[in-house]
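Some notes on the structure that comes next.
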Amino acid sequence: MKLQIPIREGLFKDIDGEATLIGSKCKSCGAIFFPPKNFCLNCSSKEIEPFFLGGKGVLYSFTIVHMPAEHYEAPYAIGWIQFPIGVLVFAQIKNWEQTELKIGMGMKLVIGKLWEEEEREVIGYFFYPEEDNSSQSNLKES
Amino acid sequence: MREVVVVGVGSTVFGKFPERRPDELGAEAVRRAMDDAGAEPEDIQFAYSANLYGGMVIGQAILRECRITNLEITNVENACAGGATAFRKAWYDIGSGLYDIGLAVGVESITTSSIVGKLIPPAKGDLAGELGMNMVGRWAMAQRRYMEENGVSLQQIAKVAVKNRRNGCLNPYSQYQKEYTIDEVVNSRMICDPITLLQCCPNSDGGAAAILCSADLAPKFKRKPVKVIASVVKSGDYLYRSRSIGFSEMTARSVKEAYEMAGLGPEDIDVCELHDPFSYTELAHYEELGFAKPGEGVRLIEEGVTQIGGKLPVNPSGGLESKGHPVSATGVAQIAELVWQLRGEAGKRQAGNPKVGLAHVLGGEVTELESGACSIHILGR
C-alpha cells in the first residue's frame with residue numbers, strides 16, 4: 001500500500017466514522033473560517049480555536065469540468081458547499097454521474113484519495129450528493 | 001495631481017501568432033502608438049510593461065526593438081488587469097509630476113506559454129487549484145448562481161456572445177470576425193457547464209500600447225488628446241464578504257471610487273469596454289458598474305441598449321470574447337479602443353459620438369479572494 005499523505009495538514013478528520021472539516025473560530029468575534037486561520041480575518045484577534053464544521057452542507061453552486069486538470073481526468077465535478085454555519089467550502093463532487101446536481105441539495109463530506117503519485121496517495125476531502133448511499137466505501141483515516 | 005492625457009495608442013491585431021516573440025508583438029504596439037502620437041524615442045522618459053507568461057524584463061526587450069533604452073522601465077504583473085495596472089502607474093507618474101511623458105504597454109503570447117489550450121489554473125500551491133479549480137470553473141459556478149438568483153436563462157446570456165461576436169466582425173484588430181446565433185452559442189462544445197466554448201474568450205497573442213503626457217505638453221503631439229479622468233486599481237476582498245459569488249463586489253467598489261474621482265455617474269458613460277472573458281460576466285458587470293439595477297442587467301441586452309447604435313454601447317471592439325484576450329495586453333487594448341471611439345476613429349464599429357468612455361478589467365484567481373485585481377479607467381474628451 002502506498003504512503004498516504006494529506007493534501008494539507010489539519011483540514012479534516014474522521015471522528016468515529018464521521019468525517020468533519022476543521023475550521024477556525026475566533027474567540028473574540030466568533031468568526032469562523034475554512035481553511036483555518038491562525039488569526040482572525042474579521043477582527044485580527046489571535047485568540048483562535050479549532051472549529052469542527054461537521055460533514056454536511058448544501059450545494060451552493062457547481063460545474064462539470066469538461067477538460068482535464070493536472071491531477072484529474074475530465075469530466076469531473078466541482079462545487080461550493082455551504083455549511084450550516086454559513087461557511088462556503090470549495091471541493092470536488094464525486095458520485096455525481098448518477099444524480100442530477102441541483103443548487104440546494106444536501107451534500108455529504110467524504111475523506112479519501114484525491115490523486116495518486118508514484119509512491120504516494122494524496123488524501124483530501126470531497127463531497128457526495130446526500131441521496132447517494134454508496135458513500136462509505138472510500139472513508140479513511142486522514 | 002495634474003491632468004494627464006493620452007496622445008497616442010497602438011495595438012497589434014489579436015490572434016494566434018506562435019511564430020512571433022512577445023517582445024516583437026509589444027514592440028509593434030509601441031511603434032504604432034508612437035506613430036499615432038508623432039512621438040520620438042527620445043520623448044519617452046519612462047515605461048511600464050505588463051506581461052504574465054513571457055519571462056523576465058520583457059519591457060526592456062520590447063523597447064529595445066523601438067530604440068528606447070536607458071530609462072526607467074518597470075515590469076508589472078496583475079494577471080488580466082496587468083495592462084490596466086501599467087496604464088494607471090504611467091498615469092500616476094505623470095500626474096504626480098515625477099515625469100512628463102511616458103508609455104504603458106501590455107503584451108501576451110498565450111500560444112507560446114505553458115497554459116496554451118488549457119483551463120488556466122490558479123498559481124502553483126493554491127489549495128483550490130489542487131482540488132480542481134480553474135478559471136472557467138470559477139466563473140461557471142458564479143454564472144450558475146447568477147442565473148439562479150436572477151432568473152436568467154442561458155439563451156439570454158448567449159445574446160451577449162452574439163452581440164460581441166457581431167461587433168468583432170467590424171473590428172480589424174479582432175481575432176474573430178464571425179457571427180453566431182444564440183443556438184450556436186448555447187450548443188457549442190461544453191467547457192465548464194453551463195459555459196460553452198462560444199461563451200468564452202479564446203487563447204490569444206497580441207500587444208497594445210498607450211503614450212501618456214501631462215496636459216500642458218499635449219500640443220507637442222499631433223493628435224487631439226484624450227483625458228484620463230479617473231484611474232482605479234484595487235485588489236479583491238475575501239470572498240466570504242461577497243453578497244454572492246455571482247456578484248463582483250470589487251467592481252462595484254472600484255467604480256464607485258472612479259465615479260467620485262471623475263465627478264460623474266453611470267448615466268454619463270457613453271461607451272464602455274468591460275471584462276467579458278465569459279458572456280455572463282458582462283450582464284453582472286452592467287449591474288456592478290451601475291448601468292442597471294441589481295438583477296436587471298439582462299434587460300440591457302434584451303432591449304439593445306448595449307449594442308452599437310444603442311444608448312450605451314458595451315464592448316464595441318468585440319470584447320475579450322471576439323477581439324481576443326492576450327491577458328496582460330487587454331487592459332491597454334481597452335484604453336486604445338476607448339481613445340479611438342472618443343476620437344471618432346473606430347470605423348464601422350464607431351459607437352455614436354461618445355464624450356466619456358469607461359474601461360473595466362478583472363484579473364487573477366486567488367483562493368479565498370474574490371479575484372486578484374480590478375481596474376477602472378474613465379477617459380473623456
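Derivation of every value follows stated rules applied to the coordinates shown; laboratory data play no part. These numbers come from a predicted model, not from an experiment. Neighbour counts run over all protein chains shown; Cβ positions are idealised from the backbone, glycine included.
Shielding of A:70-76 by partners, i.e. mean partner chain Cβ atoms within 10 Å per residue? Display every interim value, and only then the final one.
Numbers: counts 7, 4, 2, 0, 2, 3, 2.
Across the residues of A:70-76, the mean count of other-chain Cβ atoms within 10 Å is 3.
Quick query: amide H of B:Val76 versus all other amide H atoms, modeled in the peptide plane; which residues come in under 5 Å with a sequence gap of 5 or more or a different chain?
B:Ser49, B:Ala50, B:Asn51
Which of A:Gly54, A:Ala77, A:Tyr125 sits farthest toward the positive end of the charge dipole of the stretch A:3-129, with +1 on the Cβ of Lys and Arg and -1 on the Cβ of Asp and Glu?
Going by the charge dipole, the pick is A:Gly54.
Can you run phi through the Karplus equation (6.51, -1.76, 1.60; θ = phi - 60°) for the stretch B:137-150 and list ³J(HN,Hα) in whole Hz, with x for Gly and Pro?
x, 4, 7, 5, 5, 5, 4, 4, 5, 4, 5, 5, 6, 10
Compute the convex hull volume of the Cα atoms of chain B, divide it by the residue count, and report the result per residue in Å³ as a whole number.
Values: hull volume 45.5 nm³, N = 381.
With only Cα atoms used, chain B gives 119 Å³ per residue.
Per-residue mean of other chain beta-carbon atoms within 10 angstrom of the beta-carbon, peptide A:90-98? Show your work: numbers first, answer last.
Numbers: counts 12, 4, 3, 1, 0, 0, 0, 0, 0.
Per-residue shielding by partner chains comes out at 2.
Please report Rg over Rh for the stretch B:16-65, where both radii come from the alpha carbon positions and Rh follows the Kirkwood definition.
Values: Rg = 11.4 Å, Rh = 11.6 Å.
Expressed as Rg/Rh, it is 0.98.
Mind checking the alpha-carbon convex hull of the protein assembly as shown and giving the volume per residue in Å³? Spell out each step's value before the answer.
Numbers: hull volume 79.2 nm³, N = 523.
Residue-normalised Cα hull volume stands at 152 Å³.
From the phi of every residue in the stretch B:170-175, what ³J(HN,Hα) in whole Hz does the Karplus formula 6.51 cos²θ - 1.76 cosθ + 1.60 yield, where θ is phi - 60° and glycine or proline is x?
For the stretch B:170-175, the Karplus curve yields 9, 10, x, 7, 6, 4 Hz.
Which of B:Ala104, B:Gln350, A:Gly106 sits closest to the plus end of the dipole of the protein assembly as shown, meaning its Cα is farthest towards the positive end, when Lys and Arg get +1 and Asp and Glu get -1 on the C-beta?
B:Gln350
Per-residue mean of other chain beta-carbon atoms within 10 angstrom of the beta-carbon, peptide B:134-146? Walk me through the numbers on the way to the answer.
Numbers: counts 6, 0, 4, 12, 4, 1, 6, 8, 3, 2, 8, 5, 1.
Other-chain Cβ atoms within 10 Å of each residue's Cβ, averaged: 5.
Under a point-charge model restricted to the Cβ atoms of Lys and Arg (+1) and Asp and Glu (-1), what is the dipole moment magnitude of chain B relative to its Cα centre, in debye to the nearest 20?
Values: 40 positive and 47 negative charges, 123 e Å.
The calculation lands at about 580 debye.
Given H placed 1.01 Å from N in the peptide plane, which residues other than close sequence neighbours of B:Leu274 have an amide H under 5 Å from its amide H?
Close amide H contacts, sequence-distant or interchain: B:Asn315, B:His360.
Based on C-alpha coordinates, I'd like the Rg and Dmax of the stretch A:3-129, in Å.
Using the Cα atoms of the stretch A:3-129, the pair Rg, Dmax is 15.5, 45 Å.
From a point 7 Å beyond the Cα of B:Lys220 in the direction of its Cβ, which residues of the stretch B:309-352 have a backbone N at a distance under 19 Å?
Hits in the stretch B:309-352 for B:Lys220 at 19 Å: none.
Place +1 on the Cβ of every Lys and Arg and -1 on the Cβ of every Asp and Glu in the stretch B:17-131, take the dipole about the Cα centre, and give the residue among B:Leu25, B:Ala123, B:Ile73 whose Cα lies farthest towards its positive end.
B:Ala123
On the first, second and third principal axes, largest extent first, how far apart are the outermost C-alpha atoms of the stretch B:129-275 in Å?
52, 40, 35
Give me the extension gain from B:Arg243 to B:Glu149: residue separation times 0.36 nm, minus the current Cα-Cα distance, reported in nm with one decimal.
Values: separation 94, 0.36 × 94 = 33.84 nm, distance 1.14 nm.
The B:Arg243-B:Glu149 span can extend by a further 32.7 nm.
To the nearest 20 Debye, how big is the dipole of chain A about its Cα centre, given +1 on the beta carbon of each Lys and Arg and -1 on that of each Asp and Glu? If you can, show how the numbers build up before the last one.
Working: 14 positive and 19 negative charges, 129 e Å.
The dipole magnitude comes to about 620 debye.
Dipole magnitude of the protein assembly as shown about its Cα centre, charges +1 at Lys/Arg Cβ and -1 at Asp/Glu Cβ only, in debye to the nearest 20? Display every interim value, and only then the final one.
Details: 54 positive and 66 negative charges, 208 e Å.
Roughly 1000 debye for the protein assembly as shown.
Could you give each residue of the stretch B:46-57 its phi-based ³J(HN,Hα) in whole Hz, using Karplus coefficients 6.51, -1.76, 1.60 with θ = phi - 60°, and x for Gly or Pro?
Residue by residue, the stretch B:46-57 yields 6, 8, 10, 10, 10, 6, 10, 10, x, x, 6, 5 Hz.
Given that compact globular proteins tend to follow 2.2 N^0.38 Å, what is the ratio of the alpha-carbon Rg of the stretch B:264-381 to that value? Don't jump to the answer; show the numbers that get you there.
Values: Rg = 13.5 Å, N = 118, 2.2 N^0.38 = 13.5 Å.
This ratio for the stretch B:264-381 stands at 1.00.
Distance between the C-alpha centers of the stretch B:21-80 and the stretch B:109-133? Whole Å please.
Comparing the Cα centres of the stretch B:21-80 and the stretch B:109-133, I get a distance of 26 Å.
Using R₀ = 56 Å, calculate the FRET efficiency as 1/(1 + (r/R₀)^6) where r is the Cβ-Cβ separation of B:Asn187 and B:Glu260; round to 0.05. Please report the intermediate quantities before stating the final value.
Values: r = 44 Å, r/R0 = 0.78.
Once rounded, the FRET efficiency stands at 0.80.
Pick from B:Val116, B:Val255, B:Val186 the residue whose mean-square fluctuation is largest in a GNM of chain B, springs joining Cα atoms under 10 Å.
The residue that fluctuates most here is B:Val116.
Which order do the peptides B:367-380, B:341-354, A:53-66 come out in when sorted by mean C-beta neighbours inside 10 angstrom, highest first?
Details: B:367-380: 23.8, B:341-354: 18.2, A:53-66: 21.6.
Result, highest mean Cβ count within 10 Å first: B:367-380, A:53-66, B:341-354.
Amide H neighbours of B:Ala230 under 5 Å, counting only residues 5+ apart in sequence or on other chains, H built in-plane at 1.01 Å?
Placed amide hydrogens put B:Ile378 under 5 Å from B:Ala230.
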